[in-house]
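What follows is a set of notes on a single structure, which appears directly below.
The values are calculated or read from the model by the stated rules, or taken from the named source; none is laboratory data. As the structure is a prediction and not an experimental result, all values here were calculated from the model. A quick note on method: Cβ atoms are made from the backbone with ideal geometry, for glycine too, and the neighbour counts reach across all protein chains shown.
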Amino acid sequence: MRLRGEGALLRIFIGESDTWHGRPLYQAIVRRMREEGLAGATVMRAIEGYGASSHLHTARLLRLSEDLPLVVEVVDTAENIERILPELDGMVTGGLITLEKVEVLSYRADSKGAEARQADGQAGEVAPET
């Protein structure tokens, strides 16, 4: 897959304890994005935050939380992101989903990434940038 130029960045703000069919929601989202062939997804764990309920989730030592904020970022073309939004709407029952335009400057796999995809049964390789 080649991705360069105008793209889309999808951000999904959820809680660490959110689940989907018995598995962590963030894992379900990343696996689903991979199954759909989207360019990439990353999960980041925050140390503190709050959302619509205004309940503070924090990693402070005196106030350990098992529900820290997570952000799942997905980058691909706007068309591919728009295609998966209805499914995400059903998966994310609480949280925030944002979408913005981005300029993709570089998207490529190193040789280790290509080997891992082949071992994992992933078809196709990312074309090197020229």
**Asked** Limited to segment 16-29, what total is found for residues that are surrounded by 13 or more Cβ atoms within 10 Å (Cβ to Cβ) and either among the hydrophobic types (A, V, I, L, M, F, W, C) or out of contact with any helix residue (DSSP H, G or I) (no Cβ under 8 Å at 6 or more places or on another chain) (or both)?
**Response** 8
**Asked** Among the residues of segment 77-118, which ones are modelled with pLDDT under 95 and of a type in the set (Val, Ile, Thr)?
**Response** Thr77, Thr93, Val102, Val104
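Okay, residues lined up against (1) surrounded by fewer than 16 Cβ atoms within 10 Å (Cβ to Cβ); (2) in contact (Cβ under 8 Å) with a residue 40 or more places away in the chain:
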| site | (1), (2) |
| --- | --- |
| Ile14 | no, yes |
| Arg31 | yes, no |
| Glu36 | yes, yes |
| Ala41 | no, no |
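Going by what's in this entry, would Ala123 be described as surrounded by 13 or more Cβ atoms within 10 Å (Cβ to Cβ), assigned to a loop (DSSP other than H, G, I, E, B) and modelled with pLDDT under 80? Please lay out each step first, then the result.
Working: surrounded by 13 or more Cβ atoms within 10 Å (Cβ to Cβ): no; assigned to a loop (DSSP other than H, G, I, E, B): yes; modelled with pLDDT under 80: yes.
No: the conditions fail for Ala123.
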**Asked** Pairs, please: C-beta under 6 Å, at least 6 apart or cross-chain, first residue closer than 30 Å to Gly51 by Cβ and in segment 91-120, second aromatic (Phe, Trp, Tyr) and modelled with pLDDT of 95 or more?
**Response** Met91/Trp20; Gly95/Phe13; Leu96/Phe13
